[in-house]
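Here the structure is laid out as structure tokens; the discussion comes afterwards.
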Amino acid sequence: MNTNQGDKIYIFDTTLRDGEQVPGSQLNTLEKIEIARALEELGVDVIEGGFPMSSPGDFKSVVEISRAVKKPVISALTRAITRDIDIALEALQFAERGRIHTGIGVSPHHMKYKFNLSPDEIVERAVTAVAYARNRIDDVEFFAEDAGRSENAFLARIVEAVIDAGATVINIPDTTGYCTPQEYGDKIRYLKDHVRNVDKAILSAHCHNDLGMATANALAGILNGIRQVECTINGIGERAGNTSLEEIVMILKCRRDIPAYTDIDTTRITRTSRLVSNLMRMPVQPNKAIVGRNAFAHSSGIHQDGMLKNRENYEIIDPADIGISDSSIVLTARSGRAALDYHLRRLGYSLSAEQLDVAYSQFLVLADEQKSVSDDDLRMLAGVDTTADARRIRVDYLQVVCGKSAIPMATVRLIVDGEPCMATAAGNGPIDASLNAVRQLLRQKVTLEEFLIQAITRGTDDVGKVHIQVENNGHVYYGFSANTDIITASVEAYIDAVSKVVS
Ligand code: KIV
Ligand code: ZN
């Protein structure tokens, strides 16, 4: 619970509707339920479950999400057509609290080229749909599609009419991501000042990110009277995406001078972001605000030194607030002595000032040659032999059996401290089987927090890069490997992460 004074901002999550429109990221019903449960635990107020008229799959998802999740309101999208509304109502039959989200285009462009209707006809359609829905369900949200490019006077007219017809929430979408924050904020202020009955409904922001302004626009909306924000985890969504949930929520948490708060449990942000990224097969860009891999990674010497003196020198968010245990001080050619010393101490080496000087000059040469400096490299700098063969753990042999109707099995031989050891295990796929075999051999208690496979090009001969994060005793350890064989890369990345724990 956020302690900011001021207005509660309702979080309407549309990851499973607008977010799921992303090509290649479709989810099956079970995956949608898993995400819906995670959203419920995160504390969102509304979950948009889908557009039931659009496909049997969307219909089923709204039904199953309504059964599985009871705290948030479940919203179903419709066009301003009674048949759509009937189908959506049927899909919502098991919802504890259901909402119909209906609407129509209101910009001159949409009215003319999408609907070929006059403004009067558009108002009539909107009012008919809202009244029809409101006679059947208590909670009706109206979306004024392409409101971002609409004329404010017409927008105010249709908003006033649908509130009179019973709409409880009014969504003002910047459908094409065209508005600047100033314009979007002014639009909301205009509605607050010119719509007679505006206080009878909650105004909602639904901003797209085509020009990178979705979060800024939602914030401008809040500063002018918006009380619900429609957003998605990781900012995914149609084209360039939507306002990102984690960004708007953390802005309100961090900026105590903004008199507004949400009821989101921010400590669940990171795990929800990873769940969505994994299930939707959409890697999060490394520099993504709040949830990118580098969002709490410090690499330049000046910043690292400042961070080690006082975290708040360079961080405005405590990583614990979003559910990650630590910031990371990444060693690169731009790192300073303080960062090197910090990492050597982490590995248990305490060097004198002179020793550190020598190690630092060797480190700079190494960091110039390699992209990143591993713990083994650091041990070498500290005077410990860690040539490839002396690595604590390496993969010596790996064989997998998999294929249609086969039970995936893997045999792995590792060399641990010079000693060979071998195990065979089954799993629900070749990677799972291989990691199970490694787990049998290493017996290191870690929780797999993130597992990401990326291809560099799109060919079948491509190198697969595997990033893994494991958690042990509240610390997160990162592992990486790249190989044309993604199973080998996965095992090596896992060992890379786990061996950091072992040390
Ligand atoms: O962007 C948009 O206008 C929408 C509406 C359907 C709410 O997603
Ligand atoms: Zn949208």
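The values are calculated or read from the model by the stated rules, or taken from the named source; none is laboratory data. Because the structure is a prediction, the values reported are computed rather than measured. Positions of Cβ are backbone-derived with ideal geometry, glycine not excepted, and every protein chain shown enters the neighbour counts. Protein only, heavy atoms only, side chains kept; ligands, DNA and RNA dropped before computing areas. Shrake-Rupley method; radii C 1.70, N 1.55, O 1.52, S 1.80 Å.
Label-to-label distance for N116 and D326 is 6.5 nm, based on points extended 7 Å past Cα in the beta-carbon direction. The Kirkwood radius of segment 390-502, taken over pairs of alpha-carbon atoms, gives through the Stokes-Einstein law at 37 °C and 0.692 mPa s a diffusion coefficient of 231 µm² s⁻¹.
The Rg/Rh ratio of the chain, with both radii computed over alpha carbons and Rh defined as the Kirkwood radius, is 1.05. Relative to the first principal axis of the alpha-carbon coordinates of the chain, what is the inclination of helix 245-254, with its axis defined by its Cα atoms, in degrees from 0 to 90 and to the nearest 10? Taking the Cα atoms of the chain, the angle to 245-254 is about 80 degrees. To put it simply, the accessible area of the chain at a 1.4 Å probe is 50 percent carbon and sulfur.
With the highest mean first, a sort of the peptides 416-429, 356-369, 40-53 on other beta-carbon atoms found within 10 angstrom per residue produces 40-53, 356-369, 416-429. Taken along the Cα-to-beta-carbon direction at a fixed 7 Å, the label points for L448 and D193 span 5.7 nm.
FRET efficiency for D432 and Q285, Cβ-Cβ distance as r, R0 = 25 Å, nearest 0.05? Working from the Cβ atoms, E equals 0.40.
For the chain, the per residue solvent-accessible surface stands at 46 Å², with DNA, RNA and ligands left out and a 1.4 Å probe.
Each Cα pair under 8 Å and six or more residues apart adds its sequence gap; the mean of these over the residue count of the chain is a relative contact order of 10 percent. Rounded to the nearest whole Hz, the Karplus-based 3J(HN,Hα) values (6.51 cos²θ - 1.76 cosθ + 1.60, θ = phi - 60°) of segment 469-480 follow the sequence 10, 10, 10, 9, 6, x, 10, 9, 10, 9, x, 9, with x at glycine and proline. Computed as a quarter of the hull surface, the mean projected area of the alpha carbon convex hull for segment 222-346 stands at 9.4 nm². Summarising the amide proton neighbourhood of I393: residues at separation of 5 or more, or on other chains, whose placed amide H is nearer than 5 Å comprise D417. When shorter helices are ignored and each DSSP H run of at least 4 residues is given -39500 (n - 2.57), the per-residue value for the chain at 222 nm works out to -11500 deg cm²/dmol.
Take every DSSP beta bridge whose two residues both sit in the chain; close to 45 percent of them are antiparallel. Computed from the Cα positions only, the extents of segment 7-279 along the three principal axes stand at 46, 44, 32 Å, in decreasing order. The packing ranking of peptides 102-111, 150-159, highest mean first, is 102-111, 150-159, where packing means the average number of other beta carbon atoms within 10 angstrom of each residue. Basic side chains Lys and Arg get +1 at the Cβ, acidic Asp and Glu get -1 at the Cβ, and with that the dipole of the chain about its Cα centre reaches some 500 debye. In the chain, taking the dipole from charged Cβ atoms about the Cα centre, the farthest positive-side position among T78, H467, A144 is held by T78.
Highest-first packing order for the peptide set 286-294, 60-68, 166-174, 114-122 is 166-174, 60-68, 286-294, 114-122, based on the mean count of other beta carbon atoms within 10 Å.
Given segment 297-386, report the % of alpha carbon pairs whose separation exceeds 23 Å. Looking at segment 297-386, the distances longer than 23 Å represent 23 percent of pairs. Computed about the Cα centre, the dipole magnitude for segment 51-121 is approximately 260 debye when only Lys and Arg (+1) and Asp and Glu (-1) carry charge, each at its Cβ.
Here the dipole of segment 390-502 is about 160 debye; that uses its Cα centre as origin and unit charges on the Cβ of Lys and Arg (positive) and Asp and Glu (negative).
Given R₀ = 45 Å, what would the calculated FRET efficiency be for C402 paired with D186, taking r from the Cβ atoms and rounding to 0.05? Rounded to the nearest 0.05, the efficiency is 0.15.
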